[in-house]
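The values are calculated or read from the model by the stated rules, or taken from the named source; none is laboratory data. Computed from a predicted model, the values in this text were never measured in an experiment. No Cβ is skipped: glycine too gets one built from the backbone with ideal geometry, and neighbour counts run over all protein chains shown.
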Amino acid sequence: MDQSQAPVLEALAAHHANPPTAFTPPGHKQGRGADPRVLEVLGADVFRSDVLAVSGLDDRTSSRHILEHAQELMAEAVGAEHTFLSTCGSSLSVKAAMLSVAGPHEELLVGRDAHKSVVAGLILAGIRPVWVDPQWDPDLHLAHPPSADAFDSAFRKHPDARGALVTSPTPYGTCADLVAIAETAHRHGRPLIVDEAWGAHLPFHPELPTWAMDAGADVCVTSVHKMGSAFEQSSVFHLQGDLVDPATLKERADLLGTTSPSVLIYAALDGWRRQMVQHGRSLYDAALDLATGLRERIDALEGLHVHGREDFCRPGRAADLDPLQLVVDISALDTTGYLAGDWLRSHHQVDLHVCDHRRISAQLTHADDTTTAHTLVSALTELVSVAPGLPPAGKVHVPDPARLRLEQVILPRDAFFGPVEDVPVEEADGRIAAEMLTPYPPGIPAALPGERLNDDVIAYLCTGIGAGMVVPDAVDPRLKTVRVAVES
């Protein structure tokens, strides 16, 4: 196919050149009805390009096949058999992938380091999760993706499980051995879903970790807005092989997705694909060189250590690391990542990626350059100098992995939709959670509906909040109370 084409962008340009008089949504009518104060901030071109996908960009029957053509180009660009563009984010895409593999009360193997959107999919579908433990680094207090052996053991114990889902890369950039996990799933005759939200860039440079389709996964979900050049909410899911029916996957996506998709998001996805095909190799040559230099400069600052493959990629840990995720251990500064991140934002207008009890991280993409690199190093240099004067760091109680792993007592759906009550946090030990309790970012639930709470996880969350952790999805984000299931 001609990868220099961008069908959505080209159709949008044609729409601009000969705009119809529309008696359809959107009601702002290409910006004519927008408040001038809104236009001043957002710009008129945003509204000009906010048109209907059908009876706007294309005709009522989609006879021009604009979106279909864009999806075929995306599939060819990355070597997938089928590709679907989504304007509802990977939070929807991963749910559609799950529902295409397992149904109500059926089992699905899921890495316990899954994003909260996966848990939401379990709740909506009534899928019975079989949790597969991540690989825990007891020294760094960090979870890496589960191993292939862990998935193999879970399949042997649960031969009726409909498939497996693994998250790779994690928000910290650590990657699973996807080749081995895919081979394990296929040996059991089951498909592998990869939540590769942080890996949209991986197909476009050989020095980046192996991406899911090349590793043999059946379905892969990517968030192009995270590491690519697309808008928030842009997502793509890819499919190959014969273990997941493409018609079923499309049907599940239609079930959950919007009937009013954003042409703006489609257009940015279309343009990003063309950009990567034509210039991705050179753009990531530059990005990887920048990352190498930044790692050396930051690691030279007193009290800071930038984690690399030598830290994360050892036996029993991660299989690989995305070098564009700069994960910096700041524990030697005697402060938390929460406080450090807040200070960098308020004093240098620097927004960081993940901040936890002992780390901060900076996400690099092909958009970064020497200017942004200089800003980051300058801000971190001053952070080191002012760290002794920062407020005392609250101690976060991080329990042993065995105590972090809660017992799944009932289905997530049953706990979430069943009778519930709010109890004081002091009385939550031993009760069954009826809500997600998720430190965010990165968005991996510490407790989820149907799991029996223990005092260690409660202490982790409460001390974390005291140290600056945010738990936004809790009914009471301060965690004075916890929502639990009413048990007969």
| Breaking point among (1) within 30 Å of ARG403 (Cα to Cα); (2) of a type in the set (Val, Ile, Thr); (3) at pLDDT below 95, for ILE127 | (3)
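For the range 109-127, which positions are farther than 18 Å from SER147 by Cα and touching a Phe, Trp or Tyr at 6+ places or on another chain (Cβ under 7 Å)?
Initial filter on the range 109-127 (farther than 18 Å from SER147 by Cα): 116-127.
Selection gives ILE123 alone.
A quick yes/no check of all residues on (1) in contact with a Lys or Arg (Cβ under 9 Å, 6 or more places away or on another chain); (2) in a helix (DSSP H, G or I):
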site: ALA373; (1), (2): yes, yes
site: SER378; (1), (2): no, yes
site: VAL386; (1), (2): no, yes
site: PRO392; (1), (2): no, no
site: VAL396; (1), (2): yes, no
site: PRO399; (1), (2): no, no
site: ALA415; (1), (2): no, yes
| message | If I ask for residues that are within 17 Å of the chain's Cα centre (by Cα) and polar (S, T, N, Q), which ones from the range 115-149 would you list? | response | SER117
| task | May I ask you to list pairs of residues, at least six apart or on different chains, whose Cβ atoms are under 7 Å apart, with the first in the range 326-353 being within 17 Å of ASP139 (Cα to Cα) and the second being polar (S, T, N, Q)? | result | VAL327/SER361; VAL328/SER361
| task | For residues that are part of a loop (DSSP other than H, G, I, E, B) and of a type in the set (Phe, Trp, Tyr), tally how many sit in the range 234-264. | result | 0
| If you go through the range 55-73, how many residues are modelled with pLDDT of 90 or more, of a type outside the set (Val, Ile, Thr) and surrounded by 16 or more Cβ atoms within 10 Å (Cβ to Cβ)? | 5
| query | Somewhere in the range 236-247, is a residue at pLDDT below 95 and crowded, with 20+ Cβ neighbours inside 10 Å? | reply | yes
| said: Just the residues that are among the hydroxyl-bearing types (Ser, Thr, Tyr) and at pLDDT below 95, please, taken from the range 248-265. | reply: THR258, THR259, SER260, SER262
| field | All positions within the range 77-103 that are assigned to a helix (DSSP H, G or I) and more than 20 Å from the chain's Cα centre (by Cα) | value | ALA77
| note | Given (1) over 27 Å from the mean Cα position of the chain (by Cα); (2) at pLDDT 95 or above; (3) not aliphatic (A, V, I, L, M), PHE416 misses just (1)
| query | Given the range 104-197, what helices (runs of 4 or more DSSP H) lie entirely inside it while holding 3 or more residues that are in contact with a Leu (Cβ under 8 Å, 6 or more places away or on another chain) and closer than 21 Å to VAL471 by Cβ? | reply | 116-125
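Among the residues of the range 411-463 satisfying the criterion of being among the small types (Gly, Ala, Ser) and in contact with a Leu (Cβ under 9 Å, 6 or more places away or on another chain), which is surrounded by the fewest Cβ atoms within 10 Å (Cβ to Cβ)?
GLY430
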| request: Please work out which residue is farthest from ALA319 (Cα to Cα), limiting yourself to the range 211-220 and to residues that are within 17 Å of the chain's Cα centre (by Cα) and not aliphatic (A, V, I, L, M). | output: CYS220
| task | Return yes or no: is PRO391 touching a residue at least 24 places away in the same chain (Cβ under 8 Å), loosely packed, with under 15 Cβ neighbours inside 10 Å and closer than 24 Å to THR336 by Cβ? | result | yes
| note | If you go through SER168, SER223, the only one that is in contact with a strand residue (DSSP E or B) (Cβ under 7 Å, 6 or more places away or on another chain), modelled with pLDDT of 95 or more, of a type in the set (S, T, N, Q) and under 20 Å from PHE312 (Cα atoms) is SER168
